[in-house]
Amino acid sequence: MTFAIHKAVFPIAGLGSRFLPATKASAKEMLPVVDKPLIQYAVEEAYEAGIRHMIFVTGRTKRSVEDHFDTAYELENELEQAGKTELLKIARSIAPDDMVCSYVRQPRALGLGHAVLCAEPLVGNEAFAVLLADDLMVGKPSITAQMVKQYEELQASILAVQDVPLAHTNRYGIVSAVHTNGDLTDISGIVEKPAPKDAPGTLAVAGRYILNPGIFQELKNTPKGAGGEIQLTDAIAQLLKKEKVFAYRYQGTRYDCGSKLGFLQATVDLGEHHPQVGAEFTAWLSSRR
Ligand code: UTP
């Protein structure tokens, strides 16, 4: 089977300031939920969608991400010698043989839009996925797989969206709808983090996108916006003037693991469903309620 999207961009160069002190010298994306770092959940999600070329936009303190997806000869050798085949399988499965990883540095954290633009030389002139690893998304099929399927039909940029309480619009990019048909909404506009009184609705963008390469031209022309950063949202608003962009209400659950509360919620939910420790953890939680 061939898929329409071959490349995924993972912008991981942000400062992770909401998760200080943990993120002072370590990558937010390497924080583990139960036993797997956030970035690995995102990479597995893209892989499940048929994507094989993973492009990481990295920054200072993110070197451990490169090591995570590299071969760990010493570790593998030790595990092999000790006959620990199950653990060896886990270590090797992180980077399957048919997966290619590329890295590009974002020299300064100038915003998500700027980070995506840094990936242009590696993406080239084709549609690509963007996954923000601090949004941990759980769905079957994976949220990115759902979006790739939509892209195959629409051949247009697609943003993953969810309904949020009106009071929370100032945390998200919010889209304005033209027409909704089932899970798909034809959108007419998008604004970054509007106050509830200014929000055009409550459909909020989650950290998954499929973007046509035309976005790069828009990013190059996008001035600094909210927070002095080059916002992906602003470039999408410009792209909308030239081509259709859709919002897709995904089937699944999102955990905002860039925030401490979301991270704790993900840990409890995924912990309860973990094949090794889930039953015991659930029993322990119940005993405390
Ligand atoms: P966030 O704003 O959620 O992440 O950016 P952050 O900047 O790391 O965290 P806080 O707000 O300071 O706590 C969304 C995504 O965009 C990436 C981040 O790594 C995150 O995955 N990003 C953001 C970049 O790669 N570069 C940037 O300049 C900004």
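The values are calculated or read from the model by the stated rules, or taken from the named source; none is laboratory data. What you see is a predicted model, and the numbers here were worked out from it, not measured in a lab. All Cβ positions, glycine included, derive from the backbone under ideal geometry; neighbour counts span all protein chains shown. Each accessible area value is taken on the protein alone, full model and side chains, heavy atoms only, with ligands, DNA and RNA left out. Shrake-Rupley method; radii C 1.70, N 1.55, O 1.52, S 1.80 Å.
Quick one: what Rg and Dmax do you get for region 250-289 from the alpha carbons, in Å?
11.5, 34
About its Cα centre, how strong a charge dipole does region 165-224 have in debye, to the nearest 20, once Lys and Arg get +1 and Asp and Glu get -1 at the Cβ?
It comes to approximately 280 debye.
Of HIS6, LEU87, ALA22, which is farthest towards the positive pole of region 1-137's charge dipole, taken about the Cα centre with +1 and -1 on the beta-carbons of Lys, Arg and Asp, Glu respectively?
Sorting the options by dipole projection puts first ALA22.
Which shape class, rounded, prolate or oblate, goes with region 35-129 when its Cα gyration tensor gives a ≥ b ≥ c as root eigenvalues, a/c under 1.5 marks rounded, and past that a/b bigger than b/c marks prolate?
Taking the square roots of the gyration eigenvalues as a ≥ b ≥ c, region 35-129 is prolate.
Positive end of the charge dipole of the chain (Lys, Arg +1 and Asp, Glu -1 on Cβ, about the Cα centre): tell me which of GLY258, PHE69, PRO275 has its Cα farthest that way.
Working it through, the farthest residue towards the positive pole turns out to be GLY258.
I'd like the distance separating the alpha-carbon centroids of region 82-118 and region 148-174, in whole Å.
25 Å
Could you tally the net charge around GLY113, taking each other residue with its Cβ under 15 Å from the Cβ of GLY113, Lys/Arg +1 and Asp/Glu -1?
Net local charge, GLY113 excluded: -1.
Less than 14 Å Cβ to Cβ from LEU31, Lys/Arg counted +1 and Asp/Glu -1: what total charge do the surrounding residues give?
+1
Can you give me the Cα centroid spacing of region 236-268 and region 31-47 in angstrom?
Measuring centre to centre over Cα atoms gives 16 Å.
Starting from the coordinates of the alpha-carbon atoms of region 185-282, obtain the Kirkwood hydrodynamic radius over all distinct pairs and give the value in Å to one decimal.
16.2 Å
With +1 on each Lys and Arg Cβ and -1 on each Asp and Glu Cβ, and nothing else charged, work out how big the dipole of region 62-157 is about its Cα centre, in Debye to the nearest 20.
With only Lys, Arg, Asp and Glu charged at Cβ, the dipole is about 320 debye.
Over all distinct Cα pairs, what is the inverse of the mean 1/r for region 154-234, reported as the Kirkwood hydrodynamic radius in Å?
Kirkwood hydrodynamic radius for region 154-234: 13.4 Å.
Hey, which of these cross-link pairs are over 30 Å Cα-Cα: LYS36/LYS224; LYS84/LYS149; LYS28/LYS242; LYS36/LYS140; LYS7/LYS241?
Table pairs above 30 Å Cα-Cα are LYS36/LYS224; LYS84/LYS149; LYS28/LYS242.
Restricting to DSSP H runs of at least four residues, report the calculated mean residue ellipticity at 222 nm for the chain, -39500 (n - 2.57) per run over all residues, nearest 500 deg cm²/dmol.
It lands at -9500 deg cm²/dmol.
What translational diffusion coefficient, in µm²/s and rounded to a whole number, does the Stokes-Einstein relation yield for the chain at 25 °C and a viscosity of 0.890 mPa s, taking the hydrodynamic radius as the Kirkwood radius over Cα pairs?
Once the numbers are plugged in, D ends up at 124 µm²/s.
Work out how far the C-alpha atoms of region 180-225 reach from end to end along every principal axis, then list the three figures in whole Å, largest first.
30, 27, 19
Quick one: angle between helix 260-272 and the longest Cα principal axis of the chain, in degrees between 0 and 90, rounded to 10, please.
It works out to around 50 degrees.
Using a simple charge model, +1 on the beta-carbon of Lys and Arg, -1 on the beta-carbon of Asp and Glu, nothing else, what dipole does the chain show about its Cα centre, in debye to the nearest 20?
980 debye
Can you tell me the accessible area per residue over region 188-232, all protein chains present, probe 1.4 angstrom, in square angstrom?
Roughly 42 Å² per residue, with all protein chains present.
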